[in-house]
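What follows is a set of notes on a single structure, which appears directly below.
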Amino acid sequence: MSNAPERLAHRQLIVRPDWLALRQEEIIEPDLPIVDAHHHLWNRDGVPYLLPELLADTATGHNIVASVFMECKAMYRTDAAPAMRPVGEVEFANGIAAMSASGEFGPTRAVAGIVGYADLGLGSAVREVLEAEIAAGGGRFRGVRNISAWHPDPEARGSSANPPPDVLTRPSLRAGLRCLASLGLTFDAWMYHTQLSELVELARDVPEATIILNHVGGPIGIGPYAGHRQQVFAEWRKSIEELGWCPNVQVKLGGLGMRLFGFDVHQGALPPSSQQLADAWRPYIETCIEAFGPTRAMFESNFPVDKGSCSYQALWNAFKRIAAGASSTEKHALFAGTAMRVYRLDEEPRDGR
């Protein structure tokens, strides 16, 4: 079969519902409570992934009790100063959350937590933006993400974002991060494995900040790294183990369906089974769990981005296969407990829902 089409402008695989429908699986441990710790909502290129599309995925058999929205430059304000435009995304996400909290769309607490964007490079001046986002979030705003995924070789870049190369190393970002931490908010970090040393330094410099590393730390499997998986894995593992010693850093287990990682499951005549996914993803997820422990690790879907590679059914079945040997306490942490604690999902939003 020829390679599946790729939307190179966004460096993401195209979602093909007809292809995904070719394989259905029986749900493993259907009663296990899950908090999807990382997904997006948008209307990108005229293709929506909003509450109906999210709930269509979460309703495919797994027990998704809640979810966390992750910033993706959706619905920014157009009539505000540049620094304040991301407040619109928080307003948008909170509106979706309020719809879900009404109970009219089922039991899943979609968007129980909101992670937005504010430029921490503004230093202490970012407080004004953060306070506006706290107000716009209706009690659901939990933190921000500043994407730093950059590589000098364009062929190695697997993120739709294209930040400058020095996001995490700016002194002003440390001042912004301290401001974020003082407000009790979290910091999500997304970068490639070649930049993980920058996060180690940041975590040590600002130990009061709660930092969440996205997508197992982004080991690159494309461009100049294609065909060098063992070498990349060894370098990545060393950095992950070093990060594991930073007690203020947590890790998200997922994102492995992205084009960045260099897996070829999207090229099959049939979508991958959960066993195929588990076999491919296990080394990365097990390494992270060993380095951070279950109470500092959380599973994520990264939908709809990872939907270009697999179904929601197969993704969570794959995670359950990988975690099959864990104790019930460890499973609770990995699938729900860590995300609930880190993103404070037990707190009641201010609108009472």
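The values are calculated or read from the model by the stated rules, or taken from the named source; none is laboratory data. Bear in mind the structure is a predicted one, so any value in this text is a computation, not a measurement. Cβ coordinates were reconstructed from backbone atoms using ideal geometry, including for glycine residues, and neighbour counts include every protein chain displayed. These accessible areas exclude ligands, DNA and RNA; they are computed on the full protein's heavy atoms, side chains included. Shrake-Rupley method; radii C 1.70, N 1.55, O 1.52, S 1.80 Å.
Normalised by 2.2 N^0.38 Å, where N counts its residues, the alpha-carbon radius of gyration of segment 197-237 equals 1.45. Taking amide H atoms as placed 1.01 Å from N in the peptide plane, the amide H of Ala297 lies under 5 Å from those of Val251, each 5 or more residues away in sequence or on another chain. Give me the Debye-computed log₁₀ of I(q)/I(0) at q = 0.10, 0.21, 0.23, 0.25 Å⁻¹ for segment 104-194, equal point scatterers on Cα only, no solvent, two decimals. One equal scatterer on each Cα of segment 104-194 leads to -0.32, -0.99, -1.09, -1.20.
Our analysis of segment 1-109 gives Rg over Rh at 1.01, with the two radii drawn from alpha carbon positions and Rh computed by the Kirkwood formula.
For the pair Ser327 and Asp45, a Förster radius of 45 Å applied to the C-beta separation gives a FRET efficiency near 0.55, rounded to the nearest 0.05. For Ala98 and Glu128, a Förster radius of 22 Å and the Cβ-Cβ distance give a FRET efficiency of 0.35, rounded to the nearest 0.05.
Quick one: go through segment 141-170 and flag any residue whose amide nitrogen is under 14 Å from the point 7 Å out along the Cα-to-Cβ line of Arg77. No residue qualifies, since no backbone N sits under 14 Å from the label point. This model, with +1 at the C-beta of Lys and Arg and -1 at the C-beta of Asp and Glu, gives segment 41-88 a dipole about its Cα centre of some 180 debye. Using the Kirkwood radius built from alpha carbon pairs, what does the Stokes-Einstein equation give as D for segment 188-267 at 25 °C and 0.890 mPa s, in µm² per second? The estimated diffusion coefficient comes to 188 µm²/s.
Using a probe of 1.4 angstrom and keeping all protein chains present, the accessible surface of the chain works out to 39 square angstrom per residue.
Rounded, prolate or oblate: pick one for segment 133-236, where a ≥ b ≥ c are the square roots of the eigenvalues of its C-alpha gyration tensor, a/c under 1.5 means rounded, and failing that, prolate if a/b is larger than b/c, else oblate. Note, shape of segment 133-236 comes out prolate. Near Asp188, once Lys and Arg are set to +1 and Asp and Glu to -1 for all other residues with Cβ below 12 Å from its Cβ, the sum equals +1. Volume per residue for the chain equals 128 cubic angstrom (convex hull of Cα atoms).
A simple rule links phi to the HN-Hα coupling: the Karplus curve 6.51 cos²θ - 1.76 cosθ + 1.60 with θ = phi - 60°, which for segment 304-319 gives x, 4, 6, 5, x, 10, 6, 7, 5, 4, 5, 4, 6, 4, 4, 4 Hz, with x for Gly and Pro. Each Lys and Arg Cβ is given +1 and each Asp and Glu Cβ -1; about its Cα centre, segment 271-310 then shows a dipole of about 80 debye.
In segment 262-282, whose amide N lies under 16 Å from the spot 7 Å out along Cα-to-Cβ of Asp153? List them in ranges. Correct set: 262-263. Working note: Karplus 6.51/-1.76/1.60 with θ = phi - 60° gives segment 85-91 the couplings 4, x, 4, x, 5, 5, 4 Hz, where Gly and Pro are set to x.
Scalar couplings 3J(HN,Hα) for segment 171-182, obtained by applying the Karplus form with A = 6.51, B = -1.76, C = 1.60 to θ = phi - 60°, are x, 5, 5, 5, 5, x, 5, 5, 5, 4, 5, 5 Hz; x denotes Gly and Pro.
Using the Stokes-Einstein relation with a Kirkwood hydrodynamic radius computed over Cα pairs, the translational diffusion coefficient of segment 115-160 at 37 °C and a viscosity of 0.692 mPa s comes to 266 µm²/s.
For Ala189, the residues whose amide H sits under 5 Å from its own are Ile212, Leu213, Asn214, ignoring neighbours fewer than 5 places away on the same chain, with H placed 1.01 Å from N. Placing +1 on the Cβ of every Lys and Arg and -1 on the Cβ of every Asp and Glu, with nothing else charged, gives segment 66-157 a dipole about its Cα centre of roughly 200 debye.
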